[in-house]
Structure formats: C-alpha cells, structure tokens
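Undergrad: This is the structure, below, for whatever I ask next.
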Amino acid sequence: MVQWKRTHSCGQVDRSLVDQEITLNGWVNRRRDHGGVIFVDLRDRDGLVQIVFNPDLLAQELFALAERLRSEFVLSVTGKVVMRPEGQENKAMKTGEVEVLITDFKVLSEAKTPPFPIDRDVDVDENIRLKYRYLDLRRNDLQECIKLRHKAVSIIRDFLNENGFYEIETPMLTKSTPEGARDYIVPSRVHPGNFYALPQSPQMFKQLLMLAGFERYYQIARCFRDEDLRADRQPEFTQVDIEMSFVDREDIIEIMEKMIIEVFEQCRGVKIPTPIPRMSYQEAMDRFGSDRPDTRFEMELKDVGENLKDSGFKVFSETIKNGGVVRGINAKGCGATFARREIDQLVEMASSWGAKGLIWMVIGETVKSPVAKFLTENEISSIVEALGGEEGDLLLLVADSFEVTSVVLGRLRLFLGNKLGLIDENKLNFLWVVDWPLLEYDEEEKRYVAVHHPFTAPLDSDVDILETEPGKVRAKAYDLVLNGTELGGGSVRISHSELQERMFKVLGFSSEQIQEQFGFLIEAYRYGAPPHAGIAFGLDRIIMLLAGRSTIRDVIAFPKTASATDLMVEAPGNVSPRQLQELNLIIKS
RNA sequence: GGAGCCGUAGUGUAGAUGGUUAACACGCCAGCCUGUCAAGCUGGAGAUCGCGGGUUCGAGUCCCGUCGGUUCCGCCA
C-alpha cells in the first residue's frame with residue numbers, strides 16, 4: 001500500500017457509501033477474532049465503524065498481520081463499504097448498519113496495552129488518568145467534553161465577531177498588583193530581583209483598550225491565581241473577557257444575555273425563556289443566604305425575629321439588641337422523617353460554618369425543641385407562622401449577625417435541597433444578581449476591600465457616601481448565576497480619574513501607593529476616557545455545566561491536581577543551578 | 001493551614017470481629033473458533049496489599065507517621 005491517507009472518517013461511514021472503496025485511518029478500539037473472520041471497531045474522533053478482515057478477501061500475509069492487531073494500534077485500512085448481513089445491524093452504533101470489508105491495510109503504529117481501558121467509560125483512579133492524560137483524552141467522555149468546549153468557544157467567537165468585537169491579546173508577563181488573589185510570579189533575568197506576575201485577569205489592559213479607542217474587545221484569556229484548588233477552580237483557567245465603550249449596565253446585560261443563551265440553546269438544544277430574571281444582591285442574601293442563589297427550589301430564608309426582641313430567651317433577645325437577626329428555614333416534612341442523628345449532623349455543620357448554634361424545632365402535636373422551655377407559646381407560634389410551619393416540618397434557626405445567618409442557612413438550604421432531592425437537574429435557572437455592595441470591611445486587614453475590583457463604579461446615587469459610609473455604597477456590578485454557580489461577573493468601570501483616586505483612598509492606599517501601583521492608569525484616564533463596562537465569564541465552568549460534569553478538570557485538556565501539579569509532565573520541577581544563577585536566585589535550604 | 005474520604009495484580013472491586021495458599025470480573029498471554037459487536041470456549045501468567053514504623057505468636061485488616069489522589073472549610077478583588 002502506497003497511499004495511506006484517508007478518504008473518509010470512521011464516524012462518517014453510512015449507507016450512502018455502499019459499494020464504494022474507501023480508506024480510513026484510526027485506532028483499534030476493540031477486536032473480535034473468530035479465528036476465521038476478524039472484526040475490528042476502528043475509532044477516530046468522529047466515531048466508530050466496524051471493519052472486517054476476511055481471509056477470503058485478503059492476501060495470506062495480510063490476514064496473518066490482521067491476527068496480530070491489538071487495542072490502540074493505529075491503522076490505515078482500505079476496503080468496500082457494504083450493508084451488514086440481514087439481522088446483524090448494530091443499532092447501538094451510529095454506523096451500525098454498514099461495515100467495511102478490508103482488502104488492504106497498513107499498521108501505521110503498534111501500541112502497548114494501555115494502562116486502563118480506553119474503549120469503555122469505567123471510573124479509573126485519577127492518578128493514573130492524569131499521568132496518562134493523552135490516553136484518558138482518547139476516551140469517549142473526554143472527547144465529547146473537549147469537542148463541546150470547541151463548539152461553545154466557536155459560538156462565542158462567532159457571536160462576538162458578528163457584534164463588532166475585536167479579539168485582542170494582552171500580556172501574560174505583567175505586574176503584580178496589591179489587590180486580589182496571590183500572584184504567580186516570574187523572575188526577570190534582565191532585571192535581577194524584579195519579577196513579572198502572570199495575569200489574574202486582563203482587567204486593566206482591557207480598560208486601557210477602551211481608552212485606546214477599540215470600543216468593543218474580547219479575549220479568550222488564560223488567567224492565573226495562586227490559590228488552593230477546588231473541583232471548579234484551577235490555578236490557570238480561562239475567561240471569556242469582554243469590554244465595551246459608550247455603554248451602560250443595560251447594554252452589557254442585554255448583549256451578554258443573548259450570547260450566553262445562544263451558547264446554551266445551541267449546545268443543549270433547549271429554549272431558554274428571556275429576559276433572564278434579575279435580583280438585587282440584598283434580595284439574594286435575604287431570601288437565599290447566598291450571592292449566587294440556586295433558585296431551582298424553594299426553602300427560602302425568613303426573618304423570624306419580629307416578636308423575639310423582648311424574649312426571655314437571651315440568645316434571641318440579646319442577638320437582636322446587638323444588631324443581629326434571628327432567621328430560619330423550613331425543611332418541609334423532615335421533622336417527621338429525620339432521625340435525631342441527622343439533626344445532630346445539621347447542628348454540627350452549622351457550627352463548622354461559624355454559627356454559635358443551630359436551633360431546631362420539630363412540629364408535631366406540640367413543638368419539640370431543645371429551647372422550647374425558654375420560649376412563650378406566642379413566641380413559638382410566631383416563629384412557626386413566619387416559616388409557614390406545618391405538622392411534620394423541621395424548622396432550623398440561627399441567631400447571629402446577618403452575614404453569619406446568611407452563610408449558615410444558605411449552606412444548610414443547599415445541603416438539604418440536595419439531600420431531599422428537591423433539585424430538578426433539568427432546569428437551567430439563570431439569574432442576574434445586581435446592585436452589589438462596592439466594598440466590604442476586611443477584619444484581618446482592618447480596612448475596606450473591593451467586593452468586585454477597585455475599578456468598579458458606585459451607583460450614582462451612592463457616590464456621595466463613598467467616604468462617610470463605605471459599607472453602604474452599592475456598585476454598578478452584575479453577576480450571571482446559573483443553578484447556584486457563578487458563570488461570570490462584571491461592572492461599569494470608573495471612567496474619571498478623580499473618582500478612581502477617591503476609590504483607592506477609601507481602600508486605604510496612600511497617594512504615594514496609588515501613584516506607584518496605579519499611576520499609569522490614573523494618568524490614562526486623564527486623556528479622554530469613554531464610559532465603559534465589561535464582564536468576564538468563567539469559560540471552564542460554563543463548559544462544565546454544559547457538559548453536565550462536576551469538575552472543570554473534565555473540560556480542560558491538561559488540568560492540574562488538587563495540589564497544583566501536572567502528573568504527566570511532572571510540573572512544577574527543578575531548574576538547573578545555571579538557570580537560577582542567570583536569574584540571580586538562591587534557593588533557601 | 002484545617003477536616004473528611006480513598007489507596008489490594010494492568011483496570012475495577014471483594015477480603016465482619018487480626019489467623020495458614022489474598023478472591024472475583026475485565027484486561028493481558030497461548031490454544032481453539034468464518035458473523036461477532038462487553039463475541040465465545042479452554043488453559044496460563046500476573047500483587048513486596050502506596051510507603052515507613054509500631055502493637056501482636058501472627059497485620060491487607062488495629063495504632064502512629066508519611067506520600068499521592070479527591071471533596072469541603074479557610075483562601076479565591
């Protein structure tokens with residue numbers, strides 16, 4: 001065989017090719033050797049097709065060669081497409097009504113037996129999968145995930161290109177800035193003792209591109225954050241980064257909503273109702289105890305403190321007097337079904353999340369609760385009423401600051417929603433969370449820090465209290481949430497250097513620090529800045545949700561482990577003394 | 001930084017309360033087999049039970065430490 005290049009792909013072969021001679025390239029997915037006839041499922045990225053080695057159709061030495069084929073050998077095969085014999089179609093296979101009778105073939109590459117099955121989707125230890133990632137990626141599951149990622153990115157690029165966005169790259173070697181996550185830093189050879197930082201996001205550059213007059217920018221941007229990992233967090237990840245000039249919040253929300261819906265509708269084949277609902281940050285915290293509420297089920301948080309401020313039960317009355325709240329959720333029916341052990345588990349979880357305690361009430365013929373004896377009948381019935389309690393329900397109460405009650409009850413709500421099967425997995429509940437607080441007080445640093453980032457504009461109505469009541473200022477910020485996961489977030493940016501300087505001062509920067517860290521940015525805004533706003537989406541998370549996976553590792557071709565290593569290339573690794581010397585670095589111990 | 005779970009042939013698992021030769025399936029190797037598609041039948045090889053220490057007459061099993069994977073908390077503007 002001289003010519004080995006394929007004329008068709010495996011997954012394409014169908015009845016329209018019957019009687020044609022075709023050439024296929026691919027991997028041996030599985031072989032079935034009957035001693036006489038040998039069946040092989042040949043695999044390429046488009047799918048599988050059955051090829052048949054029949055001793056009656058093949059030269060003797062070629063058939064002998066066919067008998068030596070094993071899993072993952074790479075072949076070029078030539079043969080005639082035929083309909084399978086009556087009754088031998090394989091309905092489970094896309095190409096199952098045809099097969100290819102091989103008349104000539106070539107082994108392009110032999111293969112060792114793989115360390116885990118590639119032809120079946122069995123769970124394999126992640127250690128081995130990551131070490132042999134290139135083999136894991138051959139498996140159907142991950143092939144589909146990576147294919148889907150490409151499709152989604154294509155849709156996003158097409159959408160943005162059609163809407164006048166320019167794709168522009170920004171530096172990977174940039175400068176460490178004080179706010180935000182821990183940076184990955186890169187030593188400079190030319191400037192001993194100085195370091196670049198890898199970007200946590202292209203935030204400042206995209207704003208400068210607006211100042212530069214490009215008006216609409218996007219980038220499928222790799223971002224780096226040296227923080228501990230999670231199932232949905234990798235040290236390097238990808239953002240769909242977007243910025244627009246001469247727009248306000250409504251413009252961004254409108255066009256981004258269109259883009260995301262297009263991605264989900266095309267990739268999932270569903271219809272998503274528009275517009276996507278909106279909720280203020282405050283309402284989200286009030287009702288769901290979360291800034292990214294999962295609205296697929298109820299069990300909302302309720303303030304039950306109304307009639308408790310004078311309660312003889314000090315936990316309630318003191319908390320309220322000190323500016324705290326008493327809030328609760330109603331685990332419908334769980335009073336009747338939960339064992340004491342299960343309730344104790346909830347109490348334990350609540351305390352691990354920072355609650356001083358979790359008060360439960362089981363509604364039976366009377367209300368059973370460890371604190372019942374401290375409460376009047378009126379107080380109990382007002383709590384039950386506030387939570388819509390009925391016989392058989394389990395009420396869970398936390399008395400603490402608004403923040404603590406939100407965290408604890410919000411998490412309990414999610415835990416119970418999962419445990420009780422209240423979540424309809426087919427739902428796609430999108431939600432815009434708007435009017436975020438601009439700043440929050442950081443107890444550790446003893447100063448206000450930006451909730452979003454320091455370039456986020458305050459609501460016009462709140463600008464006046466920026467210095468006097470920083471904690472009350474709301475921001476022109478918005479997050480897009482899907483089923484309780486943050487897909488992305490953005491804001492209208494501060495486009496006047498005076499306001500930007502005020503913002504930095506509120507964050508506790510001295511004039512000198514502002515000049516040193518952000519001087520170029522303040523200066524830039526003095527040369528004519530268009531109003532602009534932007535957003536960034538977590539691409540990996542979007543693909544994860546599209547693919548119905550539970551970790552972004554499945555949608556990243558070469559992900560890292562929970563300890564931020566790459567088990568295949570064994571990164572991070574040592575460098576030579578010479579490299580260290582060139583960089584003027586000394587490793588301590 | 002903290003907590004939980006996991007680690008037994010190549011892969012997935014079993015191995016109550018410590019007991020003699022560590023079991024099963026798939027895969028692999030060999031033989032048979034001309035219509036299978038998770039092909040079948042017969043036979044075979046393959047495990048220092050993650051690693052180190054301890055308790056014990058005896059440890060895959062109990063204890064301590066350690067390494068790796070994973071999940072969560074902290075952290076992630």
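The values are calculated or read from the model by the stated rules, or taken from the named source; none is laboratory data. This structure is a prediction, so every number in the text was calculated from the model and none was measured. Every residue, glycine as well, gets a Cβ built from its backbone with ideal geometry; the counts of neighbours run over all protein chains shown. Note: areas computed on protein heavy atoms with side chains; ligands, DNA, RNA excluded. Shrake-Rupley method; radii C 1.70, N 1.55, O 1.52, S 1.80 Å.
Undergrad: Enumerate the amide H contacts of A:Ala197 below 5 Å, restricted to partners 5 or more residues apart or on another chain; note that Pro and chain-start residues carry no placed amide H.
TA: Those lying under 5 Å, H to H, from A:Ala197 are A:Thr174, A:Lys175, A:Ser176, A:Val186.
Undergrad: Convert each backbone phi in region A:370-387 into a coupling constant with the Karplus relation 6.51 cos²θ - 1.76 cosθ + 1.60 (shift: θ = phi - 60°), then list the ³J(HN,Hα) values in order as whole Hz, x for Gly and Pro.
TA: Per-residue couplings from phi come out as x, 9, 4, 5, 8, 10, 7, 4, 4, 5, 4, 6, 6, 5, 4, 5, 4, 9 Hz.
Undergrad: Using alpha carbons only, how many degrees (0 to 90, rounded to 10) separate the axis of helix A:340-352 from the longest principal axis of chain A?
TA: Around 80 degrees separate the two axes.
Undergrad: Starting from region A:338-409, pick out the GluC sites (Glu not before Pro) whose DSSP state is loop and whose Cβ has at most 15 other Cβ atoms within 10 Å. Present the calculation step by step, with values, prior to reporting the outcome.
TA: Values: sites: A:Glu342, A:Glu348, A:Glu365, A:Glu377, A:Glu379, A:Glu385, A:Glu390, A:Glu391, A:Glu403; in loops: A:Glu365, A:Glu390, A:Glu391.
Qualifying residues, ordered by number: A:Glu365, A:Glu390, A:Glu391.
Undergrad: When the Cα atoms of region A:10-109 are enclosed in a convex hull and the volume is divided per residue, what value in Å³ results? Mind dumping the intermediate values first?
TA: Details: hull volume 9.2 nm³, N = 100.
Measuring per residue, one finds 92 Å³ for the Cα hull of region A:10-109.
Undergrad: Another question, if that's okay. How much of A:Phe313 can a 1.4 Å solvent probe reach, expressed as accessible area in Å² and rounded to 10?
TA: 20 Å²
Undergrad: What relative contact order, as a whole-number percentage, does chain A give when Cα pairs under 8 Å and 6 or more residues apart are counted? Let's see the in-between values first.
TA: Working: 1099 pairs, mean separation 76.1, N = 589.
The normalised contact order for chain A reaches 13 percent.
Undergrad: Given N residues in chain A, what is its alpha carbon radius of gyration divided by 2.2 N^0.38 Å? Each step should come with its number before you reach the end.
TA: Details: Rg = 30.3 Å, N = 589, 2.2 N^0.38 = 24.8 Å.
Normalised Cα radius of gyration, chain A: 1.22.
Undergrad: Taking amide H atoms as placed 1.01 Å from N in the peptide plane, list the residues 5 or more away in sequence, or in a different chain, whose amide H sits under 5 Å from that of A:Ser401.
TA: A:Val325
Undergrad: With a cap of 15 neighbouring Cβ atoms within 10 Å, and only residues DSSP puts in a loop, list the trypsin sites (Lys or Arg not before Pro) found in region A:329-362. Don't skip to the answer; put the middle values down first.
TA: Details: sites: A:Lys332, A:Arg340, A:Arg341, A:Lys356; in loops: A:Lys332, A:Lys356.
Passing both the DSSP loop test and the Cβ count: A:Lys356.
Undergrad: Could you sort out which of A:Lys321/A:Lys419; A:Lys147/A:Lys271; A:Lys94/A:Lys560; A:Lys332/A:Lys427 sit more than 28 Å apart by Cα distance in this structure? Mind showing how you got there, number by number?
TA: On the way: A:Lys321/A:Lys419 35 Å; A:Lys147/A:Lys271 22 Å; A:Lys94/A:Lys560 34 Å; A:Lys332/A:Lys427 21 Å.
Pairs exceeding the cut-off: A:Lys321/A:Lys419; A:Lys94/A:Lys560.
Undergrad: Give me the accessible area of A:Tyr281, 1.4 Å probe, in Å² rounded to the nearest 10.
TA: 50 Å²
Undergrad: If the label point is 7 Å along Cα→Cβ of A:Leu428, which residues in region A:519-544 have backbone nitrogen under 13 Å from it?
TA: Residues A:542-544 qualify, since their backbone N sits under 13 Å from the label point.
Undergrad: I'd like to compare A:157-164, A:497-504, A:470-477: which one has the highest average count of other Cβ atoms within 10 Å, and what's the full order after that? If you can, show how the numbers build up before the last one.
TA: Numbers: A:157-164: 13.6, A:497-504: 18.2, A:470-477: 19.9.
Averaged packing, sorted descending, gives the order A:470-477, A:497-504, A:157-164.
Undergrad: Would you work out if region A:297-419 is rounded, prolate or oblate? Take a ≥ b ≥ c from the square roots of the eigenvalues of the alpha-carbon gyration tensor; rounded if a/c is under 1.5, else prolate when a/b is larger than b/c, oblate otherwise.
TA: Working: a/c = 1.58, a/b = 1.14, b/c = 1.39.
It is oblate, given that a/c is not under 1.5 and a/b is not larger than b/c.
Undergrad: Could I ask something else about it? Any idea how far the Cα center of region A:1-57 sits from the one of region A:153-229, in Å?
TA: The distance from the Cα centre of region A:1-57 to that of region A:153-229 comes to 46 Å.
Undergrad: Using the Karplus equation 6.51 cos²θ - 1.76 cosθ + 1.60 (θ = phi - 60°), what ³J(HN,Hα) coupling, rounded to whole Hz, does each residue of region A:543-551 give in order, writing x for Gly and Pro?
TA: These are the phi-based 3J(HN,Hα) values: 5, 4, 5, 4, 8, x, 9, 10, 9 Hz.
Undergrad: Considering only protein heavy atoms and a 1.4 Å probe, what is the carbon-and-sulfur percentage of the accessible area of region A:228-309? Each step should come with its number before you reach the end.
TA: Values: 1710 of 3920 Å².
Roughly 44 percent, rounded to a whole number.
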